[in-house]
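The values are calculated or read from the model by the stated rules, or taken from the named source; none is laboratory data. These figures come from a predicted structure and were not determined experimentally. FYI the Cβ positions are ideal-geometry reconstructions off the backbone, even for glycines, and counts take in every protein chain you see.
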Amino acid sequence: MSTIIDVQGVSKSYGGVLANTDISMQVEKGGITGLIGPNGSGKTTLFNSIVGYHPIDEGSIRFEGKEISKLPVQSIARLGLLRTFQQTRIYGAMNGVENMLISMPHRKMRFMDSFGKNSKADYERADMLLDFVGLYEKRFLKSGSLSFGQQKLLEFAMALMNEPTVLLLDEPTAGINPTLINGLIDRLKRANTEFGITLFIIEHNMRVIMNMADKIYCLAHGKMLASGTPGEIQGDQRVVDAYLGAH
Amino acid sequence: MKKTIFYVLLLIFITAAPFMFPAFRTQLATLWLMIVVSMTWDMTGGQMGYNSLGNIFFYGTGMYVAAIICIGLVHDVGIYNDASRSEIMKFTDTQYFVGAIVGIIGAGIFCAITAVIIGYVTFGLRGPYFAIGTLGVAIAAGELVANWEWVGGGQGIALPVYPGDLDNGKLFFYFLFAVSGVVLFIFLKWLYGTRFGAAVNAIRDDEEKAEAMGIHTLRYKLTMWALAAFFVGIVGGISAFQLIHFEPLETAYQTINLGIFMVVCVLLGGKGTLWGPIVGAILFHVIKEVTWNYLLGWQWVALGALIVVTVVYFQDGLMGWLMHKKPEWFGVRIEKKESVGEAS
Ligand SMILES: Nc1ncnc2c1ncn2[C@@H]1O[C@H](COP(=O)(O)OP(=O)(O)OP(=O)(O)O)[C@@H](O)[C@H]1O
Ligand SMILES: [Mg+2]
């Protein structure tokens, strides 16, 4: 496997808070990479740095070999590097299908294409993906009226609609009914294997991430604490301590 | 089918109105002007979430550009606008009509280009800052033009009078406005159904999310504003010929009158809907005409009260209120609260 995201020596502070200090890590193309760490350890900050949400203080971030740390959010998204939000962001006033159609991959569209209507194939793809996440029955409902977990699933489907190369998911199982989590793990894995999307996932739920990832990075206090296979991470005393210390 | 009949009847009524109510031709023309500026205001304010207080800039600029083109095709603009000029500068009928049509279209194109340039700077501003920034542009433009002698300075410009019968002139301007309004309506009905329309709504509902999904937000914002500016420039140009004489601060760049009225019309009728601005403009125009005729001396107070009531109690406007009461009429469906779903 080749490296698709290469983070080297990235630091980011908010005023006096050092949210990320000298972080280096790699995401392998085609795989599922996990990012764990106690609350406030800087996971979301690292995601934000990668997708260009804020400028970084130091370091380099490469996507498919290209330096992206100075690019704005939209340009990075159009390279095929997409993220979902921890707080979940969907267009609440619109229904599920409309949310999906808005998420059409604009990077594959020319300007004049935007003055066309969505094709039958676009609608079919929207329906297929809504079905994939289990929201087909609710597709015509105003999405703001869906439960938090369903909104999370919708946001996941919207990301798939965008046909990204890499998808960064910020706590995809948070707020999801525990009985539905196994189904979601299965779908995340299928997004990786069937749609060929490289996944980079922040996850609090250890069982979930151990189950999916082929490599896991662990942050603590803004620094890279450990990395390795799920087995290695599980047995790493520093990781255990960081989590115990945080609770 | 029902819809087709409705639109055909509407079109017949629009055509017949100035003949049915010949005494109200000028008011009806002004109503069309209100409808057009309201619909264009809603393109950015309602559909895209960018509340501009400076759209009047395009109205004033449209007036000036149309007038200058019409004059410049025949005469020297500086001499024509010189207040101390004593020679009479005439226009033949052909010169008038060619000048008017070329001027009006030129005004639209010029305003669209200016919108891209101004938007490039102001679209970096969000919320109230965008509103104030655009208002600043309109105010500054009025002052600049008022001090520019080549375009008549504070005196403004006096255009030639419509050649021929006065009543025909009124009809001519009514139909110029009406055609702009109908074309704009058809255009927006189509535009709001395209991917472009959806992307613009996405910018309104959550611009950060739209950016994160790779939507070309700036490009769409500039395009939308340029399209709006095009139509405002057109009706500005028509107004220039209809009013014959206009001056910079009170007529062209009238930030407190038309500049605010268009916003009130949209709020009254309902933002972000196709019909809201039209309904709002009609309501507002009727209320305004009535207060101006029957509450003389108090008309501004009445109008101010209307604005306050609309903004405070009735923000979603008539269409918004209907949508809330009867969501199914608009195809909106709400998740029933069975509360067996997921916990959050
Ligand atoms: N916009 C901001 N301004 C100031 N401080 C911030 C901001 N965002 C995050 N921080 C701080 O940076 C640190 C890292 O936050 P971050 O959100 O990256 O953590 P996290 O690992 O994602 O936590 P969680 O598991 O709670 O989501 C925290 O101390 C947080 O308070
Ligand atoms: Mg976080």
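One residue stands out among those in the range B:30-70 that are surrounded by fewer than 24 Cβ atoms within 10 Å (Cβ to Cβ) and among the small types (G, A, S): the one that is farthest from B:N168 (Cα to Cα), which is B:G49. Annotation note: of A:I90, A:I76, the sole residue that is assigned to a loop (DSSP other than H, G, I, E, B), surrounded by 22 or more Cβ atoms within 10 Å (Cβ to Cβ) and more than 16 Å from ligand 2 (Cβ to nearest atom) is A:I90.
Listed here are the residues, each with its yes/no results for (1) assigned by TED's automatic domain parsing to the domain that holds A:I202; (2) within 22 Å of B:E207 (Cβ to Cβ); (3) crowded, with 16+ Cβ neighbours inside 10 Å.
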position: A:V97; (1), (2), (3): no, yes, yes
position: A:I102; (1), (2), (3): no, yes, yes
position: A:M109; (1), (2), (3): no, yes, yes
position: A:L129; (1), (2), (3): no, no, yes
position: A:V133; (1), (2), (3): no, no, yes
position: A:E137; (1), (2), (3): no, no, no
position: A:Q150; (1), (2), (3): no, no, yes
position: A:L169; (1), (2), (3): yes, yes, yes
position: A:T173; (1), (2), (3): yes, no, yes
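Looking at the range A:108-117, is at least one residue more than 23 Å from A:F195 (Cα to Cα), within 16 Å of ligand 1 (Cβ to nearest atom), more than 7 Å from chain B (Cβ to nearest Cβ) and not in a helix (DSSP H, G or I)? Break it down stepwise before answering.
So the first thing to find is which residues in the range A:108-117 are more than 23 Å from A:F195 (Cα to Cα), and the list is A:110-117.
Restricting the remaining residues to those that are within 16 Å of ligand 1 (Cβ to nearest atom) gives none.
No, the conditions are met nowhere in the range A:108-117.
Mind checking whether some residue in the range A:182-202 is away from every other protein chain (no Cβ under 14 Å), within 16 Å of ligand 2 (Cβ to nearest atom) and acidic (D, E)? Looking through the range A:182-202, none of the residues is away from every other protein chain (no Cβ under 14 Å), within 16 Å of ligand 2 (Cβ to nearest atom) and acidic (D, E). In the set (1) without any contact (Cβ under 8 Å) to a residue 24 or more places away in the chain; (2) at the interface with chain B (Cβ under 7 Å from one of its Cβ atoms), the condition left unmet by A:D131 is number (2). For the range A:39-50, the candidate set comprises residues that are hydrophobic (A, V, I, L, M, F, W, C) and either surrounded by fewer than 22 Cβ atoms within 10 Å (Cβ to Cβ) or away from chain B (no Cβ under 14 Å) (or both); within that set, the residue that is nearest to the chain's Cα centre (by Cα) is A:F47.
Could you tell me whether any residue of the range A:189-206 is out of contact with any strand residue (DSSP E or B) (no Cβ under 8 Å at 6 or more places or on another chain) and part of a helix (DSSP H, G or I)? So far as the range A:189-206 goes, yes, one or more of its residues are out of contact with any strand residue (DSSP E or B) (no Cβ under 8 Å at 6 or more places or on another chain) and part of a helix (DSSP H, G or I).
Among A:M212, A:M161, which is the only one that is within 14 Å of chain B (Cβ to nearest Cβ), more than 25 Å from A:L18 (Cβ to Cβ) and at pLDDT 90 or above? Testing whether each residue is within 14 Å of chain B (Cβ to nearest Cβ), more than 25 Å from A:L18 (Cβ to Cβ) and at pLDDT 90 or above leaves just A:M161.
Against the definition (under 29 Å from A:G34 (Cβ atoms), within 10 Å of another protein chain (Cβ to nearest Cβ), in contact (Cβ under 8 Å) with a residue 40 or more places away in the chain and in contact with a helix residue (DSSP H, G or I) (Cβ under 6 Å, 6 or more places away or on another chain)), how does A:M100 come out, yes or no? Answer is no for this residue.
Only a single criterion out of (1) in contact with a Pro (Cβ under 7 Å, 6 or more places away or on another chain); (2) more than 30 Å from B:H324 (Cβ to Cβ) is not satisfied by A:D57, namely (1). When the range A:154-188 is examined, which residues are found to be farther than 25 Å from A:E124 by Cα and part of a loop (DSSP other than H, G, I, E, B)? Passing the criteria: A:E171, A:T173, A:A174, A:G175, A:I176, A:N177.
Figure legend. Inter-residue proximity from the range B:190-214: first residues more than 7 Å from chain A (Cβ to nearest Cβ), second residues in a loop (DSSP other than H, G, I, E, B) and crowded, with 23+ Cβ neighbours inside 10 Å, beta-carbon distance below 7 Å, spacing 6+ or different chains. Indicated pairs: B:V200/B:M48; B:I203/B:M48; B:R204/B:M48. Among the residues making up the range A:139-148, those that are more than 7 Å from every other protein chain (Cβ to nearest Cβ) and surrounded by fewer than 23 Cβ atoms within 10 Å (Cβ to Cβ) are A:R139, A:G144.
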